[in-house]
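First comes the structure, then the notes that go with it.
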Amino acid sequence: MLAAAAPLPFIAAAAKQLPVVDPGPVKVSSDPKLVPGFDRTAPDYAIHCNKSRPVALTFDASGTTKVSVNRGPARGGHFTSRVKLVPGRALQFSIDSGPDAGVFHVRCLPTNFPGYLATRYGKPQARWYVMSVGYIGIPRPDYTVVFDNHGVPVWWMREPHGLPFNGSYLPDGDIAWYRYTEGVFGINPKVGFSEHTLTGKHVRTYKARGGPTDLHELQILPNHHVMLIQYKPRAHVDLSRFGKSKDSTVVDGQIQEQTRYGKVVWTWSTKDHIPIADSARWLSFMDQAGLDDGTKVWDLVHLNTIDPHGSRIVISLRHADAVYEIDKQSGHVLWKLGGRHTSNSLRVVGDPLASESFGGQHDARLSSDGRFLTVFDNRSHRDHRPRAVLYEIDAAHRTATLLESITDPMAASSTCCGSARKLPAGDWVISWGATRWVTETDSTGKVLLRFDFHGRSAYRAYPVLPGVLDPARLRAGMDAMAH
């Protein structure tokens, strides 16, 4: 009888299961380095490139994962791809599988792009931030930028003829900013707000009629009308009770509403509705401003916000330390918050700084239902740090109740400028007024994203919510301007 044959080695090997190789993570590095470092949740990156030296992207793809650069052949493992870039141009790489799968975009910054550092500490609620960044008061060419919520500049455009100021996102999807050339308010009759498509095409310039256009506000209404500010000179004003001349020249704040074709259909002036006494504190220490023709004037109210809501408009008068709601039809003041107490003043509840009122505030915004008011309180020539504040307005009972007050340890003072926008889900987006800082914080003041502009400032930071602005449009616009 034959003995049983021993099992053959290859039969035993076949019985073992072969290891399964799955897609794996990808390590990405570059020279020059990506800003920020690679993070699968961040689709866009900036890079400071040199046209004389290609960008070197190095990938280490594990498992079966493959990477393609600029839609080229997909490769796995460790490899370096070199791509020539010039400012404004971009490359993309795609990861086909694994935990880092996605398409990522890297764009080269101009050599004169504003210095910035963005640090993310949490998950912001805004998707984009539109900001004109520059040296406040210095008419040096600079950039209006759309940053994403990782702090990456995804779109930008340089203003070559002055300082871009007060950049904003318009309802039609374009970007606008004021071309600043001189003055603490608009005094140059040749400039206004320039509207551009995302491809860089100039659409139009918004200008007030009958005098220079002010730099503080551009509002596009639902009926496509436009609201702008003018500072209108007025001679022979007696300011002797405030220690000035009996024959002074002042500028009043005027709101002008135009049709889309530039026809003026409504105006309102502080001259007719705001007493000079409301500006007594600022008249005690302010310097005169100069007009384009050299005339010296007293800037009585410094109108810096118009926030229209149907038949009512909220305005901020920096030199009155007060926010007002006005009735559009009659022009009358409906209520006043801050500043000198008058018969229109609301009673402030729960604000420990109420006795001092505001200090040269900016960016007063009222919710659509009229219940909630946000203000950036600079605390100019006051004690305490600048703050973003939220009040509940009860016009029927004539009260304003403080609900939130946000400060920042980095922002010790604010001489001018600034914005405070409350997002629907509760976060704040704050430009800390002539400082280097812009933040998004939660409702307790915890910083989720901080921008540091290294000496430059953003007059306002305009947040754009998710779903409003398609990133593909921003990238396509940049591509169009780079060609």
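Could you please find all residues in segment 159-202 being in contact (Cβ under 8 Å) with a residue 40 or more places away in the chain and of a type in the set (Phe, Trp, Tyr)?
Those that are in contact (Cβ under 8 Å) with a residue 40 or more places away in the chain and of a type in the set (Phe, Trp, Tyr): Phe165, Tyr169, Trp177, Tyr178, Tyr180, Phe185.
So Val145 fits all but one of (1) more than 19 Å from Pro36 (Cα to Cα); (2) without any contact (Cβ under 8 Å) to a residue 40 or more places away in the chain; (3) part of a strand (DSSP E or B); what number is the exception?
Condition not satisfied by Val145: (1).
What residue, among those in segment 295-341 that are aliphatic (A, V, I, L, M) and closer than 15 Å to Ala395 by Cα, is surrounded by the fewest Cβ atoms within 10 Å (Cβ to Cβ)? Reasoning before the result, please.
Pass one, segment 295-341, residues aliphatic (A, V, I, L, M): 297, 300-301, 303, 306, 313-315, 317, 320, 322-323, 326, 333-334, 337.
If we keep only those that are closer than 15 Å to Ala395 by Cα as well, we get 313-314, 323, 326, 333-334, 337.
Details: Ile313: 23, Val314: 23, Val323: 28, Ile326: 23, Val333: 18, Leu334: 14, Leu337: 26.
Only one residue tops the list, namely Leu334.
Looking at segment 374-408, which of its residues are among the hydroxyl-bearing types (Ser, Thr, Tyr) and assigned to a loop (DSSP other than H, G, I, E, B)?
Initially, segment 374-408 is screened for residues among the hydroxyl-bearing types (Ser, Thr, Tyr), giving 374, 380, 391, 399, 401, 405, 407.
Ser380, Thr407, listed by residue number.
Considering only residues that are touching a strand residue (DSSP E or B) at 6+ places or on another chain (Cβ under 7 Å) and of a type in the set (Asp, Glu), look in segment 163-195 and name the one that is surrounded by the fewest Cβ atoms within 10 Å (Cβ to Cβ).
Ranking the candidates gives Asp174 first.
Can you tell me which residue in segment 435-455 is farthest from Lys123 (Cα to Cα), limited to those that are aliphatic (A, V, I, L, M) and within 14 Å of the chain's Cα centre (by Cα)?
As a first pass, look at segment 435-455 and keep what is aliphatic (A, V, I, L, M): 438, 447-449.
Checking which are within 14 Å of the chain's Cα centre (by Cα) leaves us with 438, 449.
Values: Val438: 16, Leu449: 8 Å.
Result: Val438.
Go through Pro386, Pro466, Pro471 for me and flag whichever is over 20 Å from Ala46 (Cβ atoms), modelled with pLDDT of 95 or more, surrounded by fewer than 21 Cβ atoms within 10 Å (Cβ to Cβ) and over 14 Å from the mean Cα position of the chain (by Cα). Walk me through it before giving the result.
Numbers: Pro386 fails: surrounded by fewer than 21 Cβ atoms within 10 Å (Cβ to Cβ); Pro471 fails: over 20 Å from Ala46 (Cβ atoms).
None of the others qualify; the one that does is Pro466.
Restricting to segment 135-190, count the residues that are basic (Lys, Arg) and closer than 17 Å to Met478 by Cα. Show your work before the answer.
Initial filter on segment 135-190 (basic (Lys, Arg)): 140, 158, 179, 190.
After this cut, where a residue has to be closer than 17 Å to Met478 by Cα as well, the list is 158.
The number of residues fulfilling the criteria is 1.
With Thr213, Thr259, Thr270, Thr205 as the choices, which residue is closer than 30 Å to Ala482 by Cα, of a type in the set (Ser, Thr, Tyr) and touching a residue at least 12 places away in the same chain (Cβ under 8 Å)? Write out each step before concluding.
Numbers: Thr213 fails: closer than 30 Å to Ala482 by Cα; Thr259 fails: closer than 30 Å to Ala482 by Cα; Thr270 fails: closer than 30 Å to Ala482 by Cα.
Of Thr213, Thr259, Thr270, Thr205, the one residue that is closer than 30 Å to Ala482 by Cα, of a type in the set (Ser, Thr, Tyr) and touching a residue at least 12 places away in the same chain (Cβ under 8 Å) is Thr205.
Yes or no, residue by residue, for (1) closer than 17 Å to Arg475 by Cα; (2) in contact (Cβ under 8 Å) with a residue 60 or more places away in the chain:
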| residue | (1), (2) |
| --- | --- |
| Asp31 | no, no |
| Pro43 | yes, yes |
| Ala46 | yes, yes |
| Cys49 | no, yes |
| Pro54 | no, no |
| Leu57 | no, no |
| Arg89 | yes, yes |
| His105 | yes, yes |
| Asn112 | no, no |
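I'd like to verify a number: residues in segment 262-281 that are surrounded by fewer than 12 Cβ atoms within 10 Å (Cβ to Cβ) and either modelled with pLDDT under 95 or hydrophobic (A, V, I, L, M, F, W, C) (or both), how many?
Looking only at that region, the number is 1.
More than 25 Å from Arg140 (Cβ to Cβ) and touching a residue at least 40 places away in the same chain (Cβ under 8 Å): is that true of Gly433 in this structure? Step through it out loud before you land on a result.
Numbers: more than 25 Å from Arg140 (Cβ to Cβ): no; touching a residue at least 40 places away in the same chain (Cβ under 8 Å): yes.
Here the answer is no, as Gly433 does not meet what is asked.
Starting from residues that are surrounded by 16 or more Cβ atoms within 10 Å (Cβ to Cβ) and polar (S, T, N, Q), keep the ones in segment 68-91 and report whichever is nearest to Asp31 (Cα to Cα).
Checked segment 68-91; the qualifying residue nearest to Asp31 (Cα to Cα) is Ser81.
Restricting the search to segment 355-372, which residues are closer than 21 Å to Arg281 by Cβ and in contact (Cβ under 8 Å) with a residue 24 or more places away in the chain? Spell out how you get there, then give the answer.
As a first pass, look at segment 355-372 and keep what is closer than 21 Å to Arg281 by Cβ: 355-364.
Those that are closer than 21 Å to Arg281 by Cβ and in contact (Cβ under 8 Å) with a residue 24 or more places away in the chain: Glu356, Ser357, Phe358, Gly359, Gly360, Gln361, His362, Asp363, Ala364.
What are the residues in segment 438-463 that are closer than 22 Å to Cys416 by Cβ and in a loop (DSSP other than H, G, I, E, B), if any?
Residues of segment 438-463 that are closer than 22 Å to Cys416 by Cβ, as a first pass: 438-441, 450-463.
Result: Phe453, His454, Gly455, Arg456, Tyr459, Arg460, Ala461.
Restricting the search to segment 246-256, which residues are free of Cβ contacts under 8 Å to residues at least 60 places away in the same chain and surrounded by 13 or more Cβ atoms within 10 Å (Cβ to Cβ)? Before you say what the answer is, go through the steps one by one.
The first filter runs over segment 246-256 and keeps only residues free of Cβ contacts under 8 Å to residues at least 60 places away in the same chain, leaving 246-250, 252, 254, 256.
Result: Ser248, Thr249, Val250, Asp252, Gln254, Gln256.
hydroxyl-bearing (Ser, Thr, Tyr), in a loop (DSSP other than H, G, I, E, B) and surrounded by 17 or more Cβ atoms within 10 Å (Cβ to Cβ): does that describe Thr213? Let's see the steps before the verdict.
Numbers: hydroxyl-bearing (Ser, Thr, Tyr): yes; in a loop (DSSP other than H, G, I, E, B): yes; surrounded by 17 or more Cβ atoms within 10 Å (Cβ to Cβ): yes.
Criteria met by Thr213.
Within segment 221-283, which strands (runs of 3 or more DSSP E) (wholly inside it) include 2 or more residues that are in contact with a Gly (Cβ under 9 Å, 6 or more places away or on another chain) and of a type outside the set (S, T, N, Q)? Spell out the reasoning first.
On the way: elements: 226-237, 248-258, 264-269.
Those strands (runs of 3 or more DSSP E) span 226-237, 264-269.
Under 7 Å between Cβ atoms, which residue pairs at least 6 apart in sequence (or on different chains) link something in segment 220-241 that is closer than 16 Å to Lys263 by Cβ with a partner that is basic (Lys, Arg) and in a strand (DSSP E or B)?
Note: no pairs meet the criteria.
Please determine whether any residue of segment 322-337 is farther than 23 Å from Thr267 by Cα and not aromatic (Phe, Trp, Tyr).
Step one: of segment 322-337, the residues farther than 23 Å from Thr267 by Cα are none.
Among the residues of segment 322-337, not one is farther than 23 Å from Thr267 by Cα and not aromatic (Phe, Trp, Tyr), which makes the answer no.
Are there any pairs with C-beta distances below 7 angstrom linking a residue in segment 445-460 that is on the phi < 0 side of the Ramachandran plot and at pLDDT 95 or above to a residue that is among the polar types (S, T, N, Q) and surrounded by fewer than 21 Cβ atoms within 10 Å (Cβ to Cβ), with the two at least 6 apart or on different chains, and if so which?
Arg450/Thr119
For segment 305-371, give me every one of the strands (runs of 3 or more DSSP E) that falls completely inside it and has 1 or more residues that are closer than 19 Å to Val389 by Cβ and of a type in the set (Val, Ile, Thr).
Fully inside segment 305-371 and qualifying: 312-317, 322-327, 347-349.
The values are calculated or read from the model by the stated rules, or taken from the named source; none is laboratory data. All values reported here derive from a predicted model rather than from experimental measurement. Methodologically, a virtual Cβ is constructed for each residue, glycine included, from the backbone with ideal geometry; neighbour enumeration extends over all protein chains shown.
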